[in-house]
Amino acid sequence: MNAYLASVLENVRTKHGNEPEFVQTVEEVFSSIEPVIEKHPEYEKVDLLGRMVEPERMFTFRVVWCDDNGQWHTNRGWRCQFNGAIGPYKGGLRFQKNVYEGIIKFLGFEQIFKNSLTGLPIGGGKGGSDFDPAGKSDDEVMRFCYSFMNELYRHIGSSIDVPAGDMGVGGREIGYLFGAYKKLTGVYENGVLTGKGLSYGGSLIRPEATGFGATYFLREVLAHGGESIEGKTFCLSGFGNVAWGAALKITELGGKVLTLSGPDGYIYDRDGVSGEKIDYMLEMRASGRNKVKDYADKFGCDFVPDKKPWGNVKADIYMPCAMQNEIRIEDAKAMVSLGVKYLNEVSNMPTTNEALEYLQQNGVLVAPSKAVNAGGVAVSGLEMSQNSERLAWSKEEVDSKLQGIMRGIHNQIIEALDTYGMGYNLVAGANLAGFKKVADAMIAQGIN
Ligand code: GLU
């Protein structure tokens, strides 16, 4: 490996040993960008890579809230403003029990390159809290969101940093966060958050965007090999907003979704998740029970407890839509023996680096999450444009822009691979393309 690249990576490993997810994402990106670093020896003098792995700023804050019984609780909140070279920081907020600095940093780092790939002027950021939304009442969630914004409002703005949703943060939470921001600042600045409701500046297609975008990207990948979604079978994990959007678009394009999963296990529906069964995913999510078994109980299909579909169910295409690191080496081996040909990563970093390498060496075509799931943040970028122009585009307009953006990402990847004389390695191409634009902007802007 290039000596400069290796020394920065070594430094990251030493410094962030207690943040394995962050180290993993840096390793993944660095394993692809060697050709560009070799071509640009001037990067070392200005320590471009050392700067890139260090967030511009990141802060931690106390969030105190009161539950319905009058008991007070203290959680921790974070916002990481990782890289603002190409636009205001942009990225979601994740509310989940297991959130800590390492998760926020890994997601923030991924976000830099993902946002760059969209072609829109948005930098990389991420935030969240270790607040566990499971089983909380609406009022509790509202009090938590108001308290969270009580600190966050000082650091964000439509030209500064624009948070959105992620796991545990959906339309309801964004509504409360927006209400709190407006109250605290006295300004109706709707471009400060995205993923808003339609009645106060949200964009049509934003709820569907991540799942739709992931399916549009896959369509490009399949078309590249002369294939299509029609008639293909799919395994999905998760049953949240992202899996819902993907299931809608896959079925519309003639594919069949066989599985969904939750923390309790996975369902296997041989007839395919379609029609009212897709609508039911939203009901299951809204119930707050967080159990996918409800689907099997309602529609009478198989439920397998405590497992994911990976390596257990045969399908043409796997699309993880749940968590980081849900596909591990043993799953990768089982996938290869089952003959799965495509892995379209939707959740952020769903595959461990070891599993990723194994899959690529054994003929599975992997489309990386930073390209595949970029449709979500891209439509957030479109929401920002609509807010700043004080207008609202039609569903068709947003959807056609989204399709154009996903096609554009695929084209950029192909171009980067051609530039460096590489084959159809989507992981490397996405890293090379995403990185180069941010690198150029950082160099152009001098010391910062
Ligand atoms: N959390 C989503 C992501 O990882 C959406 C971020 C956004 O819309 O800003 O891209």
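The values are calculated or read from the model by the stated rules, or taken from the named source; none is laboratory data. For clarity, every value in this text was computed on a predicted model and none was experimentally measured. With ideal geometry, Cβ positions are generated from the backbone for all residues, glycine too; neighbour counts draw on all protein chains shown. We work out accessible area using only protein heavy atoms, side chains counted, and drop any ligands, DNA or RNA first. Shrake-Rupley method; radii C 1.70, N 1.55, O 1.52, S 1.80 Å.
Can you tell me which residue among Ala243, Ala247, Ala209, Ala223 is in a helix (DSSP H, G or I) and over 26 Å from Ala134 (Cα atoms)?
Matching residue, one of Ala243, Ala247, Ala209, Ala223: Ala223.
Within the bounds of segment 337-351, is there any residue that is over 23 Å from the mean Cα position of the chain (by Cα) and part of a helix (DSSP H, G or I)?
Within segment 337-351, one or more residues are over 23 Å from the mean Cα position of the chain (by Cα) and part of a helix (DSSP H, G or I).
Conditions (1) surrounded by fewer than 17 Cβ atoms within 10 Å (Cβ to Cβ); (2) away from the ligand (no atom under 11 Å from the Cβ); (3) part of a strand (DSSP E or B), marked per residue:
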{"site": "Pro55", "(1), (2), (3)": "no, yes, no"}
{"site": "Arg76", "(1), (2), (3)": "yes, yes, yes"}
{"site": "Arg79", "(1), (2), (3)": "no, yes, yes"}
{"site": "Lys90", "(1), (2), (3)": "no, no, yes"}
{"site": "Leu93", "(1), (2), (3)": "no, no, yes"}
{"site": "Ile104", "(1), (2), (3)": "no, yes, no"}
{"site": "Gly128", "(1), (2), (3)": "no, no, yes"}
{"site": "Tyr153", "(1), (2), (3)": "no, yes, no"}
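May I ask you to list pairs of residues, at least six apart or on different chains, whose Cβ atoms are under 8 Å apart, with the first in segment 244-260 being among the polar types (S, T, N, Q) and the second being in a helix (DSSP H, G or I) and open to solvent by less than 30 Å² (accessible area, probe 1.4 Å)?
Qualifying pairs under 8 Å: Thr251/Ile278.
Could you look through segment 174-194, keep only residues that are surrounded by 21 or more Cβ atoms within 10 Å (Cβ to Cβ) and either part of a loop (DSSP other than H, G, I, E, B) or charged (D, E, K, R) (or both), and pick out the one that is farthest from the ligand (Cβ to nearest atom)?
Among residues in segment 174-194 that are surrounded by 21 or more Cβ atoms within 10 Å (Cβ to Cβ) and either part of a loop (DSSP other than H, G, I, E, B) or charged (D, E, K, R) (or both), the one farthest from the ligand (Cβ to nearest atom) is Leu193.
What are the pairs, 6+ residues apart or on separate chains, where a residue within segment 45-57 that is acidic (Asp, Glu) has its Cβ under 7 Å from a residue that is surrounded by 14 or more Cβ atoms within 10 Å (Cβ to Cβ)?
Final answer for the pair search is Glu56/Gln81; Glu56/Phe82; Glu56/Asn83; Glu56/Gly84.
Residues being open to solvent by less than 20 Å² (accessible area, probe 1.4 Å), under 19 Å from His224 (Cα atoms) and either within 16 Å of the ligand (Cβ to nearest atom) or out of contact with any strand residue (DSSP E or B) (no Cβ under 9 Å at 6 or more places or on another chain) (or both): count how many of those fall in segment 347-369.
3
Looking at segment 33-53, which of its residues are open to solvent by less than 40 Å² (accessible area, probe 1.4 Å) and either among the hydrophobic types (A, V, I, L, M, F, W, C) or in contact with a His (Cβ under 9 Å, 6 or more places away or on another chain) (or both)?
Listed by number, the residues that qualify are Ile33, Val36, Ile37, Leu48, Leu49, Met52, Val53.
Just to be sure before I move on: is Asn431 open to solvent by less than 60 Å² (accessible area, probe 1.4 Å), touching an Asp or Glu at 6+ places or on another chain (Cβ under 9 Å) and either closer than 19 Å to Asn190 by Cβ or hydroxyl-bearing (Ser, Thr, Tyr) (or both) in the structure I sent?
Working: open to solvent by less than 60 Å² (accessible area, probe 1.4 Å): yes; touching an Asp or Glu at 6+ places or on another chain (Cβ under 9 Å): yes; either closer than 19 Å to Asn190 by Cβ or hydroxyl-bearing (Ser, Thr, Tyr) (or both): no.
Criteria not met by Asn431.
May I ask you to list the residues in segment 194-251 that are farther than 21 Å from Tyr280 by Cα and acidic (Asp, Glu)?
Scanning segment 194-251 gives Glu220, Glu227, Glu230.
Taking segment 354-399 on its own, how many of its residues are more than 18 Å from Ile160 (Cα to Cα) and hydroxyl-bearing (Ser, Thr, Tyr)?
Looking only at that region, the number is 3.
Given (1) assigned to a helix (DSSP H, G or I); (2) within 13 Å of the ligand (Cβ to nearest atom); (3) farther than 22 Å from Ala243 by Cα, where does Glu110 come up short, assuming only one miss?
Here Glu110 clears every test but (3).
Between a first residue in segment 273-299 that is under 14 Å from Thr259 (Cα atoms) and a second residue that is hydroxyl-bearing (Ser, Thr, Tyr) and not in a helix (DSSP H, G or I), which pairs have beta carbons less than 6 Å apart while being 6 or more apart in sequence or on different chains?
What qualifies is Val292/Ser261.
If the Cβ limit is 8 Å and pairs must be 6+ apart or interchain, which residue in segment 157-169 that is under 17 Å from Glu189 (Cα atoms) and in contact (Cβ under 8 Å) with a residue 24 or more places away in the chain pairs with which residue that is more than 11 Å from the ligand (Cβ to nearest atom) and part of a loop (DSSP other than H, G, I, E, B)?
Gly157/Glu189; Ser158/Glu189; Val162/Ile156; Pro163/Ile156
What residue, of Arg51, Arg62, is at pLDDT 95 or above, of a type in the set (Lys, Arg), part of a strand (DSSP E or B) and away from the ligand (no atom under 16 Å from the Cβ)?
Step by step, each of Arg51, Arg62 is checked, and only Arg62 is at pLDDT 95 or above, of a type in the set (Lys, Arg), part of a strand (DSSP E or B) and away from the ligand (no atom under 16 Å from the Cβ).
Restricting the search to segment 205-227, which residues are surrounded by fewer than 21 Cβ atoms within 10 Å (Cβ to Cβ) and in contact with a Lys or Arg (Cβ under 7 Å, 6 or more places away or on another chain)?
Within segment 205-227, Glu220 is the sole residue that qualifies.
If you take the residues in segment 131-149 that are of a type outside the set (D, E, K, R) and surrounded by fewer than 19 Cβ atoms within 10 Å (Cβ to Cβ), which one is farthest from the ligand (Cβ to nearest atom)?
Residues of segment 131-149 that are of a type outside the set (D, E, K, R), as a first pass: 131, 133-135, 137, 141-142, 144-149.
Pick out the ones that are also surrounded by fewer than 19 Cβ atoms within 10 Å (Cβ to Cβ) and you get 134-135, 137, 146.
Numbers: Ala134: 19, Gly135: 23, Ser137: 24, Tyr146: 21 Å.
Top of the filtered list is Ser137.
Give me the pairs: first residue in segment 2-20 and within 18 Å of Lys45 (Cβ to Cβ) and open to solvent by less than 20 Å² (accessible area, probe 1.4 Å), second residue of a type in the set (Gly, Ala, Ser) and at pLDDT 95 or above, beta-carbon distance under 8 Å, and six or more apart or on different chains, which are they?
Listed by first residue and then by second, the contacts come to Val8/Gly50.
Among the residues of segment 155-173, count how many are away from the ligand (no atom under 14 Å from the Cβ) and charged (D, E, K, R).
1
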